[in-house]
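So the structure is just underneath, and the comments pick up after that.
The values are calculated or read from the model by the stated rules, or taken from the named source; none is laboratory data. Fair warning: this is a prediction, and the values are worked out from it, not measured in the lab. Every residue, glycine as well, gets a Cβ built from its backbone with ideal geometry; the counts of neighbours run over all protein chains shown.
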Amino acid sequence: MENIIKDIDIISAEEAQACDYKTTEDENTGKSKKLYIESYGCQMNFSDSEIVASIMKDNGFDTTSDFGQADVIFLNTCSIREKAELTVRKRLSQFNNIKKNKPELTIGVLGCMAERLKEKLLEEEKLVDVVVGPDAYRDLPNLVSEAEEGNKGVNTFLSREETYADISPVRLNSNGVSAFISIMRGCDNMCSFCVVPFTRGRERSRDPHSIVKEAQELFDRGFKEVTLLGQNVDSYKWSPEENNKARLNKKEDAVSTVINFAHLLEMVAQISPSLRVRFSTSHPKDITDDVLYTMKKYDNICKYIHLPVQSGNSRVLEMMNRTYDREWYLERVSKIREILGEECGISSDMIAGFCTETEEEHQDTLSLMDIVKYDFSYMFYYSERPGTLAAKKYVDDIPLDVKKKRLNDIIQKQSKLSEERNKLDIGKIQEILIEGESKRSGDQLKGRNSANKVVIIAKGNLKKGDYARVKITDCTPATLFGEVVA
Ligand code: SAH
Ligand code: SF4
Ligand code: F3S
């Protein structure tokens, strides 16, 4: 308890924005029970919740947006920073209060926190019934029915094979226009600050044909955009060895050559010129020229790359075990500009105040931002995670106020750069895909351009899912405004 109180003190205003979650929608297909899922963390987790909903649907559950109606509540959790875990702990204590009045309610903790803490979660959170890691979701119906009999359960087995390739996700919170497709799971990179390799296990790629099939089905249902997801999409690899396994399982369309990410991107892009393709996340050490040329070749592959740098200083990058240095990163950015031009959107993740970072090294991050001119960044201060290489090898020695000051410098810098980049778009004609009504006004629509920027336009005769050609007329650091042109 003491620990938690101390930790709450360090939550900064900047980090509060990072604790968004998504819930399930109301689905009434006549199933006897109701499932409520709340998802935290990255897109991979949101995508996993769609797999979980699908598994539970086959076992008698409709989803609900009202946890008061639910027979089962799942929290799909994130461990990436201490703050992410604290948010979940607080939420659990609220659900536990509900359970006191409704003992038949089953509460499950899924995802990365489940994987990290395992049985400990059952000890610490007395009203939790099931704890299930990211590779064990097929076991959920079984664990839930055991819990209904009063038997608590934990399954945090990490697999080298599981990709849930055969499971057709239930599209939660979908605008009906864009959807996520997981193309790989896990991460083998071992960045020293990062808990993901421990919570998500070894890297494995999903059968390319199941990916193309899923994208085709989405397109046939009216979706216009897919985002291919992985912690490190550039290391996607479907090898003949895996292919042999597929053959043994008698999959008819088994492939005969190694498929890398550039190939996969092309396969998905070829489904239709009116299906946009995006992807995330690219690792600077792995993004190849082939991927960039494939992006150039297809108009429907969006010109946007999320290329997290973490730090602009080579010594810090080495301690982070990112396996590239400042020069390598800047060379990759030059290549993006050379092949895809100035208009390609580039975004990043930054960590301020990593172990031993000096003020001068922090300035290197700011100067790198000036060189790259990111359109957008996700910015954090370093949060030590138990069990990671950095937690074992280094002292978390940068005082919190210094971390916060450096983070603030980075945020200020990014805000200026975002505005600068957005201003360059004014006067240009761009194609946007309309995602729905703008939050601010029912008379306006919200779309996205190829570079992943939100563009607001007047409604006119357009609707969700339409493509429109717009002239950009104005901007803020976060948004573009445009007018439809013929
Ligand atoms: N696979 C992606 C990142 C996934 S985690 C990549 O390699 O780029 C998302 C982001 O969270 C990271 O890019 C990093 O900026 C941030 N992050 C991860 N661990 C962190 C930690 N211990 N403290 C602060 N930020 C962290
Ligand atoms: Fe974490 Fe690094 Fe893997 Fe990204 S590449 S998930 S930061 S270990
Ligand atoms: Fe969080 Fe796990 Fe994603 S730690 S960022 S939910 S992979």
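Surrounded by 16 or more Cβ atoms within 10 Å (Cβ to Cβ) and part of a strand (DSSP E or B), is that true of residue 351? Walk me through how you get there before you give the answer.
On the way: surrounded by 16 or more Cβ atoms within 10 Å (Cβ to Cβ): yes; part of a strand (DSSP E or B): yes.
Yes: the conditions hold for residue 351.
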Report task. Would you mind stating whether residue 409 is touching a residue at least 40 places away in the same chain (Cβ under 8 Å) and under 23 Å from residue 348 (Cα atoms)? Result -> yes
Requested in this report: Run residue 224 past the list (1) within 25 Å of residue 132 (Cα to Cα); (2) basic (Lys, Arg); (3) assigned by TED's automatic domain parsing to the domain that holds residue 386; (4) away from ligand 3 (no atom under 15 Å from the Cβ) and report the number of the one that doesn't hold.
Outcome: (1)
Report task. State which residue is nearest to the chain's Cα centre (by Cα) when the search covers only the stretch 33-52 and only residues that are of a type in the set (Ser, Thr, Tyr) and part of a helix (DSSP H, G or I). Result -> 47
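Hey, among the residues in the stretch 301-331 that are touching a strand residue (DSSP E or B) at 6+ places or on another chain (Cβ under 9 Å) and of a type in the set (D, E, K, R), which one's nearest to ligand 2 (Cβ to nearest atom)?
The first filter runs over the stretch 301-331 and keeps only residues touching a strand residue (DSSP E or B) at 6+ places or on another chain (Cβ under 9 Å), leaving 301-312, 316-317, 320, 322.
When the remaining residues are screened for being of a type in the set (D, E, K, R), the result is 303, 322.
On the way: 303: 23, 322: 7 Å.
Looking at the filtered set, the residue picked out is 322.
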Query raised in the report: Name the residues in the stretch 285-318 that are surrounded by 21 or more Cβ atoms within 10 Å (Cβ to Cβ), in contact with a Gly (Cβ under 9 Å, 6 or more places away or on another chain) and assigned to a loop (DSSP other than H, G, I, E, B), would you?
Result: 302
Report task. Give the number of residues within the stretch 96-154 that are within 25 Å of residue 44 (Cβ to Cβ) and of a type in the set (Gly, Ala, Ser). Result -> 6
Report summary line: Of (1) within 16 Å of ligand 2 (Cβ to nearest atom); (2) among the small types (Gly, Ala, Ser); (3) in a loop (DSSP other than H, G, I, E, B), residue 65 fails just (1)
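I'm trying to understand the selection: among the residues of the stretch 256-303, which are aliphatic (A, V, I, L, M), closer than 23 Å to residue 213 by Cβ and within 16 Å of ligand 1 (Cβ to nearest atom)? Full working, then the answer.
Within the stretch 256-303, the subset aliphatic (A, V, I, L, M) is 258-259, 262, 264-265, 267-269, 271, 275, 277, 287, 291-292, 295, 301.
Cutting the leftovers down to closer than 23 Å to residue 213 by Cβ gives us 258-259, 262, 264-265, 267-269, 271, 275, 277, 291, 295, 301.
The one that is aliphatic (A, V, I, L, M), closer than 23 Å to residue 213 by Cβ and within 16 Å of ligand 1 (Cβ to nearest atom): 291.
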Requested in this report: May I ask you to say which residue of 443, 401 is at negative phi, more than 16 Å from ligand 3 (Cβ to nearest atom) and not assigned by TED's automatic domain parsing to the domain that holds residue 469?
Outcome: 401
Query raised in the report: Residues in the stretch 344-397 that are touching a helix residue (DSSP H, G or I) at 6+ places or on another chain (Cβ under 8 Å), acidic (Asp, Glu) and closer than 21 Å to residue 453 by Cβ: how many?
Result: 2
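Among the candidates 433, 424, which residue alone is crowded, with 16+ Cβ neighbours inside 10 Å and either at pLDDT 95 or above or assigned to a strand (DSSP E or B) (or both)? Can you show your working first?
Numbers: 424 fails: crowded, with 16+ Cβ neighbours inside 10 Å.
That would be 433, the only listed residue that is crowded, with 16+ Cβ neighbours inside 10 Å and either at pLDDT 95 or above or assigned to a strand (DSSP E or B) (or both).
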Report summary line: Counting only residues in the stretch 170-214 that are part of a helix (DSSP H, G or I) and of a type in the set (A, V, I, L, M, F, W, C), the one farthest from ligand 2 (Cβ to nearest atom) is identified as 212
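Anything in the stretch 191-206 that is away from ligand 3 (no atom under 11 Å from the Cβ) and either among the charged types (D, E, K, R) or modelled with pLDDT under 95 (or both)? List them, or say none. Don't jump to the end; show me each part of the working.
Initially, the stretch 191-206 is screened for residues away from ligand 3 (no atom under 11 Å from the Cβ), giving 191-193, 202-206.
Listed by number, the residues that qualify are 202, 203, 204, 206.
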Requested in this report: Count, please, the residues in the stretch 63-82 that happen to be modelled with pLDDT of 95 or more and either of a type in the set (Asp, Glu) or in contact with a Cys (Cβ under 8 Å, 6 or more places away or on another chain) (or both).
Outcome: 6
Query raised in the report: Restricting attention to the stretch 323-348, which residues are surrounded by fewer than 16 Cβ atoms within 10 Å (Cβ to Cβ), in contact (Cβ under 8 Å) with a residue 24 or more places away in the chain and closer than 27 Å to residue 381 by Cα?
Result: 323, 328
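Looking at the stretch 373-388, is at least one residue farther than 19 Å from residue 348 by Cα, outside any helix (DSSP H, G or I), in the same structural domain as residue 219 (by TED's automatic domain parsing) and of a type in the set (Ser, Thr, Tyr)?
From the stretch 373-388, those farther than 19 Å from residue 348 by Cα are 384-388; that's our starting set.
Restricting the remaining residues to those that are outside any helix (DSSP H, G or I) gives 384-388.
If we keep only those that are in the same structural domain as residue 219 (by TED's automatic domain parsing) as well, we get 384-388.
Okay, now just the ones that are also of a type in the set (Ser, Thr, Tyr), so 388.
Looking through the stretch 373-388, at least one residue is farther than 19 Å from residue 348 by Cα, outside any helix (DSSP H, G or I), in the same structural domain as residue 219 (by TED's automatic domain parsing) and of a type in the set (Ser, Thr, Tyr).
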Query raised in the report: Out of all the residues in the stretch 146-159, is one or more within 20 Å of the chain's Cα centre (by Cα), buried (at least 19 other Cβ atoms within 10 Å of the Cβ) and either at pLDDT 95 or above or in the same structural domain as residue 52 (by TED's automatic domain parsing) (or both)?
Result: no
